Structures are given as C-alpha cells and as structure tokens.
1. Can A:LEU257 be described as within 14 Å of chain C (Cβ to nearest Cβ) and either among the aliphatic types (A, V, I, L, M) or under 29 Å from A:LYS310 (Cβ atoms) (or both)?
2. When you go through (1) at the interface with chain A (Cβ under 8 Å from one of its Cβ atoms); (2) surrounded by fewer than 18 Cβ atoms within 10 Å (Cβ to Cβ) one by one for B:ALA180, which number turns out not to apply?
3. For the condition within 30 Å of C:THR286 (Cα to Cα), more than 10 Å from chain B (Cβ to nearest Cβ) and in contact (Cβ under 8 Å) with a residue 40 or more places away in the chain, what is the one hit in A:ILE223, A:ILE269, A:ILE243?
4. Would you confirm, using the coordinates I've provided, whether B:LYS146 is part of a helix (DSSP H, G or I) and more than 7 Å from chain A (Cβ to nearest Cβ)?
5. Condition first: surrounded by fewer than 20 Cβ atoms within 10 Å (Cβ to Cβ), in a strand (DSSP E or B), at pLDDT below 95 and among the polar types (S, T, N, Q). Can you find one or more residues in the range C:456-468 that meet it?
6. When the residues of the range B:65-84 are filtered to those that are crowded, with 16+ Cβ neighbours inside 10 Å and among the hydrophobic types (A, V, I, L, M, F, W, C), which remaining residue is nearest to the other protein chains (Cβ to nearest Cβ)?
7. Out of all the residues in the range A:129-142, is one or more assigned to a helix (DSSP H, G or I), small (Gly, Ala, Ser) and either under 22 Å from A:ASN242 (Cα atoms) or under 25 Å from the mean Cα position of the chain (by Cα) (or both)?
Amino acid sequence: METGMISSSRSKTGRPKKSLVREIKANKHIYLLILPAVLFYLIFHYVPMYGVTLAFKKFNFVKGITGSKWVGLTNFKYIISEPEFWNAFKNTIIISFGKLIWGFPMPIILAILFSELRMNRYKKVAQTVFTFPNFLSWVIVAGFVRAIFADESGVYNALMTMLHLPQKSFLGNPKHFRSLLYLTGIWKGAGWGSIIYLATISSVDPTLYEAAAIDGAGRIRNIIHIKWPAIKSTVVLLLLLNIGGVMSAGFDQIFNLYNPTVYSTGDIIDTYVYRLSFERAPRFEVSVAVDTFKSVINFMLLFSADRFAKLIGERGIF
Amino acid sequence: MAKQDMESKTKRRSSVSYMTKRSPLDAVIFVIITLGFIIMVYPFYNSFLISIVSKAQYLKTPFMLYPKDVTWQSYEILFRTPTLWDGYKVTLIVVFFGVLYNMFLTTTLAYGLSRKRFPGKGILMNLIIVTMYFGGGMIPSYLLIKKLGLMNRISALILPTGLNTFYMLIMRNYFQSLPASLEESAKIDGARDLTILFRIILPISAPVISTITLFYALDRWNDWFGAVLYIKDVKKYPLQLVLRNALSIVITPEMDHVLKNSIKNKSPMGLKMAALFLSMIPIMCVYPFVQKYFVNGIMVGAIKG
Amino acid sequence: MGKKKRLISLFCLLAMLSAVFMGCNGSKDASSRANEKGKQNENTGNMDKKLKLTIADLSEYDVEDPMYKILAKKFNVEVDPVEISWDTWEQQANTWIAGGDMPDALDYELKPEKMEILGEWADQGILKEIPSLDKYPNMKALYDQIPEAEHLKVNGKLYAWPKLRGDNPYNSIDSKSIAYRRDWAEKVGMAKENDEYTIDEFLELLKKFKDEDPGGQGTLPYSEVSYFFGYIANSQYDKLTKDVLNYEKKDGKFVWIPAQPEAVENVKFLNQMYRDGLFWKDFYSTDDGTMIDYFNAGKLGALTNNWTIGRINDTRKSMIEVDPNLDFEKAVGIVKLKGKDGKMFNTEYANWWSAMLFNGQMEDAKMDRLMSIIDWMHGEEGTRMDFFGIEGKDYKMQDGKMQLLWEKNENGDLVKPAYKAQFRYMGSLGGEFNMEDPNVPEYVKNLYLNHIKDQTPEAANIRKRDLDLVYFKGKNMTKYVDFAQETFDEILQITISAKGPEDAESKYTKWVESMMPRVQKVLDELNSSL
C-alpha cells in the first residue's frame, strides 16, 4: 500500500527501483516486527479518522457523520466569535509556557537530587513518597490549597499577618493566581515526573563515574558531565512533547482552583468550553471544533519546535 | 558464548558509591528532601484520617494531626457495594492483559523505529505522530467497537488502548541512545534481530522498560470512560467507574429528589476518601517494586568481547 | 517538501477510504431504520407476550432490586437496566443515539435550550411519540400538573415525558432561601418573631454575628452557595436573577434586565456587604460542600441554599452529630427576608426536571406496555413503592392506611430500605407523599412549609417564568439565552474587587456596555417577533 506510492515518488529523485525493492526485502524482519503496532494504529486510529470532519459538519444522528452536511467553519465561528474565548486562548498559552518555565525543570532537578542521596533505603522511601501527590485528585488537593492560601482562613495569610507582612490573595487576585497554579502544579507533579529521569540516570555506565573519580572530579562535575548528558535527549524529547501539548493547560487543576474573580488570567480554553456547555447548550460539534482547533495549533507548535531542535543539533521527533 | 559474556557483564552497583568524599551538600540535599517529604505526605495522611473518623469529627476539624473518634463505617459501606469486587476483578484483568498488550506493541514499535532507516519510516513516523493530535472522536470509535463485535466485552476495554505514542517515543529515544556497537558486536557473533532485542537490548533497558510498564499500569488502572460507552453489564465495570458511580455527588438542587434514596448523603467526605484509598493503594504499591530497577543501576560492561 | 506532499496525500487517501467504508454502513443503518419505522402492531391491549425493555437512567444498577421483579410479574416484562453516569450523561446519550443503540426508554436532561436538538431527533424519527394519555389516567393527571409540558411538544406531538419535581406541592415557588442560626440571633438579642427580618435588620444581625462571635469558633456571618450567589441582593432589586430569564418588556419592547439602572444597586449592595465583612471573606473561593460543612459544624451564621425538606433534614442530622445537645428546632430557622419595599421576594421555578425519551423504533405494543408501567408508577401503588419500599416487606396496607415495617437503627430511627433503582422515580404524583417520610420530624416539615406558604402574591414579589420567553425559538436566543451566568460571574468579580460604590458602578456599567452588542442580537430577535 504505502510502498507503491513511495516507489513512484522516489524514482523521481533518481533512485533505481530495483534497489528499493531489495531494501524492503532486506528489512522485512523490521516490517514484521512493527506490523502489530501498525495494524493497531490503522484499525483504531485511522479507520475512525473520518470523525475529524465532524468539526465542519452539522451532525445528523440518522445519517451519521459521513451523511451529515458540511457547514464550513460554522462550528468554529460559534466559539471564536466570543471575546471570552480569546481571553481563554491567551491564558492557555501564557499558563502553558509558565508551566514549562517553572514546572518543567523541577522533575529534572529532583531526579538529580535523588540520585545524589546516599542512604539507599531513605532514598527509596523518599522517592516513593514524592509520588504520592500524583495519586490525589485535584478535587482533594484543592481543599488543601484553599486551607493554605485562602484570603482570610488560609495558613499563609495568617502567617503573614503574624509576621506583619502584607497579605496576598492567591485565589481572588488575577495577578497571583497563575503563580499558585505553577506552585501547586510542581508540588503535585514533580515527584512522578522525576521517575523517567531517575530511570535514565540509573542506566548510566558506572565505569564513567569510576573514571571521573580517578580524574578527581567532584559531585557537581559528575552532575554536569555525566548525569546531564545522560538525560539530555530525554529532556529534549519531553520538552518537545510538552510544547506540543500547550493548548491543554491543565483542566482539572484550574477547574478546581479557579472562580470567577480570576477568570481574566486563569480561564483556559477547556474551562471556558466546559462552562459554556452548562450555561448554554451548544451542539457537540462545537466541542469537536474546539478540539480540532487546539490540535492544529499543538501540531504546528510541535512541528516548529522539532525543526528548531534539529537545527541546534538535537535528535528531534520526526 | 555470547550469552555467558553478557551475563557476566551484568552487575548491580549504585552510582553513588563512586562518589568522592562526603560534603555539606549531602546535608543540604537531605534537608530539602525531608521538608519535601512532609509536604508530600501530609495531604495524603490527612485524607486517610478523614476516611476513618466520624463525620462529626471531620466537620469539627477538617485538618487533623491524629485521628479522634475512629469509625470504619465508610470502608464498610464501600465493601458492601456489591459490584466493588467485580470492579477489582475487571480492573486487574484489564491491567494484566492490557499492560502486556501495551508493552508488546510499544517495545516492538519503539525498537523497530529506533534502528536504521528503512523505506517508509519517515511517513510512518508522521502518521503515528498525527494520531497524537487528531482522532475521530467518540462516535466513530463507538461504531468501530460495535462493528468489531466488542460491545459489552472486556476486550473493548483493552484493545483500543493499544499503545501510547508518548511512551513509545520515550522508549524509542532510549533505544536510540544505546550505542550502536552493542548491536554490531552481537551481529558479528551471528545473532538475529529478535535475539538481539530480547537478549541484549531488553535487559539493558530494564529501567526504561519498568518505568513505561509502570505508566501503562497506572493508565489501565485508572481507565473508566471506555466502560461508560461500551459496557452495559455492571458486573464488567472497572473499579474506577464503580467508585465514581457510587460517589457521584449531588451537584444541582434538582438532583436532590432523584438521589434521595441513595447512600450518597451519608458521609460524603469520609466516603470519598475511603474510595480514594481503595482505588489508589493497590496501584501505588507498584512503584516500590519498579524502583529496584533503578535505584541500583545496571552495569554495562566493556562492549568488546 | 516531497515528504509533506506524500503525507498529505496518504492521509487523504486513508481518510477517504475509511469514509467510504463507514459511509456505506452508515447509510445502511439509516435505510434499515426507515424500514423498521413502518412496523405496526395491532396487539396493544393484553400482556400475553413477554417483552424486554431497556431502560437507561441514573439508577445504580442492581438486577436484584425487587422492583424489577415486581414489574416483571405485574407487566410480564424483563427489564434490562442501563446505567447512566451523571457526569457523562450527555456523551452517553449522544453516542448511543448516534450509534443506533438508543434504549427503549432514555432519561435525558432536557432543558429549554435543548428543544432544538429534540426537534431534530423527533423529525428524524429517532423518538417515538407518546400516545394519547386517555388510556393512562395517572399519567394524564401528572401531565396536567406540568403546564409547561405543552411547550415540550414538537409539531404538536409530545416526545418527552417530563418528571415532576415533587418538592413543593403548594405552589411553583423556588425553595431557595437563607437558613440561619436563630439561637445565635437570640444570644445577640436580635431574634425576630417568626424569623421575619427586613434587610437592614438582617444586615445588623450579620454584623453582630461577626463582631460578637456567638458561635464561639470565630463566627463567619453569611455565605451563599455558588449557584445562588446574589440572592440577598434581590432585596434591592428583585428582577435580577439567574432562574428566570433576564428579559422583560418595557414600553412595549424587550430590554435586558442587567442593563437596567436598578441592577447597579444590587452590585453596589453586594460589594458594600463584602467590604463590611458581612460576607464570609473566603466564600467566593470555597466550594459548596465546604460551605455546607461549615454551617453544619456551627462555624457559619447564615447560608443561602436550596432549603428543601431533604436538605434541612440532612443539616439537622449533621448538626446533631457534631453537637448532640443541639435543639435543632430552636437553633435553626429560615429567614423571611423583606426587601427594600418590605415584601419578600422569590422566583418561580420549573416544577419538572429531566424527561424520558422513547426509542422511535419501538413497536407500539412495547410502548403501550411501557406506558402502562409508567402509569402504574405514577399512581398510588407505584408511588408507595418509590417512597416506602415493597408492600408486604417494608409496609403493609390495613383498612386503606399504610403501616410502615421499616427496621430501626441503633438511634431508634426508622431506616429507609436502600433500593437503588431510580426508574421508580418517575415523577410520581408525590406531593403529599414527600411529606410522609417518617424520619423527618414535624418541625422540619413545618419550617419548610411555613416559608413556602407565606410567600403569597400579596406578601411577596414573585418573579414569574414567562414560558413564551423561555421557549422562544430563535438562533441567538438559543445560543446566548440571557447571559445570566456571565452576569453573575461579573458581579461576583466586582463584589470582591471593587474598592467602593463608584468603582463598582463604573466597572459594572463598563461591562454591561461590552456585552450589549451580543445582547442586542437577542433583543432584536425578540422584538422582531412582537
């Protein structure tokens, strides 16, 4: 199937057809190896793929997606005609990039710190405990966040009052809300996020440490010259994938922590659309259109980031 | 011969034992981690306390340091939920077979895509990445599951999960960073691709394999939405769905009348926390097992020979 | 570049292939549906044939529920229940219908805004028309209690069977109100007879709550659950509310109520209240559950919520758990708040919620059987089963009077048997039955009833639901409705952040101006229909 198209275009670049067939034959065990996964994608992702057209159609329940009529950008216009959508769009981008700047490095730093701990048993327990917050839902975490950061009854402001320092409203002041998001996001996700880096660090060849020790290298040197290079490609990969996820800035977290006073800086696309579906009753094609909109932008971001990564010598995804 | 060599090269050592002498840095790291420890544990600890104290006690002190007025009522109520045990059973099946299935697809694809270029590799990569962003949605998936005859069957909770492209890329990235000399020396010894994969690559990739397995296990454990659409028989509901349904809180005033018969209004907070623990503890126990693959690293001996 | 072209063309090829693949089957489904639609069945009177019914609602599925067995015996049916999850209700309904798997009876969250989609489904043959109610007297009686049901018709036919909200059998007034600590009011010397307060008196009470801490735990004065935010401001201008559409006729044309000059008063009032500390400072960032917990734990002085009998009773139980010495009857009251003009205020509410839809492919015989079941459930026997349980096991009838056979728990309270099937709740002609729950003390029922009954048209300003307005069919109306939520979100914002009345007023007027372009679209639609 694919090969037919490839051979016809590749022959344009001048490669003789014969060696291509030979290449395919030589690699047949790889094709066989990846066949199950490819079949999976084909069946469960590409067969239903026609559903993406729903964003451009008015759904007729009887005629199905393929029988529904095209309505162009109507579903998109429904939502992008609202100024609140653009506020949400702006916030989505700012918050996602904020999380990249503040949140992304934390698991890495944590993994390195853990790898520097001497006591094995304590290290294991600490690592495990740091993953606990990952298992709590944001509904529950929000309760704690309020207990600490509420204007009047929160621990933080009580402390500030005691120390005669100015109080801050994290849940009611749009200026401080995002900081709260970054902070609580780190608390919740850093431990779990560090696992992949820990795994990578642990597969470093110990002879490298031996050699470094002989050269008289200290711990900081070890971190910079051994551990960091080991995890660099993982860091780049995850960074790229996160950039490709910018349009989703963390619905559960924001939904449970926000309130109307911080919509101006905290409302993101997903929370806005969620509210809309309750306040009014948009056709569900609208949410399909929103998802498509998000996906297109995410994809473009990923593509650009990947290009840039390759430009600076990193491996990239594509 | 090759096998013996490989085995003798695999020793377990900690990366820290090669460290130079102790320094004040140790103390600093220790303090940071210990402080972090406390703020990581307390919310979890408090949630557990809520699940075992009486409603009155929770109302008086929603944040506690130690339990007062202990009652196991919330857990009792949940254990009496008839479908709870079915939920555990279904979820365990889904996790066991699901993870095997996920890991098989992921490892084969990640390895296949990590080696040299082959005709069609570029296009394949593009098409795979596209699926991370674009998909048909609920209705086409529903129709597909229906057409495949998987309605109301547990395989409908397993097959569509296939593989997570994100994780596959992580694994592929790891394979790509393995030195090519590893493969080459084995090839010189006459080993075929599949042998290389199993005998050489996998053992060395234990950290990443166990990590991705952990991720998949958690994902399969937490799945619930598929069941909402595809499973009619409540005995086939996964654990998370059973608990969600048992606990759905009254959201709007209208629902008062509808849910007046149910147990939901008994001790919502205590019940919610008990459900949290029943659903989380099993999967949280997986991590310590996985840990042993990376607290102590695996030594890769000299490539030659 | 070649790679991209390849990618795009391959993508299109695959998409087209799968589209054709699916499309073929899609049309097959549609045509087969068209064929089935014509099927008629003459056999609509007797119950000889055993029928299988799939019913989807919010029940917790329990095949052992005796109710299903009773139905099986009485009506010769096999009920196949399908569970709906509350937070995925909409998705499940849409997916099942789109996938051709609509159950025989489907519980659906019908709202006026959804009438458009209901109409489409009706036109497309997805729904079965509800037959004439002459055969089903209980259904007819219930239908007469919901005048709004006329508006649920599509082309003169009824497709949705609405469910009666039985919580207020006396009138169609909403039960949202303020519950407060009467005992604390007495402690600070401000308790009023019959819980009647003018707004100034009530504000003074709240101030004393805050200053004198009668509760002993640092009394928080007042809070409102999120949905009812702004309730107390209706003491200033009672037309600005979320529950009834914010449009009214002024000089013969429709106007938007939030844009009226009086609406600003509400905003200034709330902001003033908040700055004076009469609102719990953290109320805006606290979730409803916690607010209710605080009231139950004796930390909050007054709370606005939907105080139905069930809610009041739950609060009573929680409060007594926290403080067994509490005399609830004396401790808690419901405020009869008098507005600026000395009258109480409230809104009319829809006395129904959610509706049952029926599969258009169903045979008439099955529909008849289903209707008979529903009819029975609306009647006395069925309603008794809904409220009290199984006859013979949970209650028995002696000389026409009912005797409860419920078990007692360790406190001596009667324990209601916990059956889970919700299908039993079919909007039974429940009015009086709701009052029959033996576990609810008389004084709780009276607390509720007195509050409702006192809101007569003479004593209160009741904002009515204009059904023509609510069911107005217009593109912009369907899309925007009345911006009620946006209005109250903005008012909340201003309440918390405005530094004074001028600031509040200018912020609010600026916001109203920014909304007018879209509001005008709806107003134009409405006015062109006059």
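The values are calculated or read from the model by the stated rules, or taken from the named source; none is laboratory data. Quick caveat, the model's predicted, so the values are computed rather than measured. Glycine gets a Cβ as well: all are built from the backbone with ideal geometry, and neighbour counts include every protein chain shown.
1. Details: within 14 Å of chain C (Cβ to nearest Cβ): yes; either among the aliphatic types (A, V, I, L, M) or under 29 Å from A:LYS310 (Cβ atoms) (or both): yes.
Criteria met by A:LEU257.
2. It fails just one condition, (1).
3. Values: A:ILE223 fails: within 30 Å of C:THR286 (Cα to Cα); A:ILE243 fails: within 30 Å of C:THR286 (Cα to Cα).
Going through A:ILE223, A:ILE269, A:ILE243 in turn, the sole match is A:ILE269.
4. Values: part of a helix (DSSP H, G or I): yes; more than 7 Å from chain A (Cβ to nearest Cβ): yes.
Against the criterion (part of a helix (DSSP H, G or I) and more than 7 Å from chain A (Cβ to nearest Cβ)), B:LYS146 qualifies.
5. yes
6. Among residues in the range B:65-84 that are crowded, with 16+ Cβ neighbours inside 10 Å and among the hydrophobic types (A, V, I, L, M, F, W, C), the one nearest to the other protein chains (Cβ to nearest Cβ) is B:ILE77.
7. The first filter runs over the range A:129-142 and keeps only residues assigned to a helix (DSSP H, G or I), leaving A:129-130, A:132-135, A:138-142.
When the remaining residues are screened for being small (Gly, Ala, Ser), the result is A:142.
Add one more test, that the residue is either under 22 Å from A:ASN242 (Cα atoms) or under 25 Å from the mean Cα position of the chain (by Cα) (or both), and what stays is A:142.
Checking the range A:129-142: at least one residue is assigned to a helix (DSSP H, G or I), small (Gly, Ala, Ser) and either under 22 Å from A:ASN242 (Cα atoms) or under 25 Å from the mean Cα position of the chain (by Cα) (or both).
For (1) in contact (Cβ under 8 Å) with a residue 60 or more places away in the chain; (2) assigned by TED's automatic domain parsing to the domain that holds C:ILE292; (3) surrounded by fewer than 18 Cβ atoms within 10 Å (Cβ to Cβ); (4) under 17 Å from C:ASP243 (Cα atoms), each residue gets a yes or a no:
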position	(1), (2), (3), (4)
C:ASN138	yes, no, no, no
C:ALA141	yes, no, yes, no
C:ALA149	yes, no, no, no
C:LEU152	yes, no, no, no
C:ASN155	no, no, yes, no
C:TYR159	yes, no, no, no
C:ARG181	yes, yes, no, no
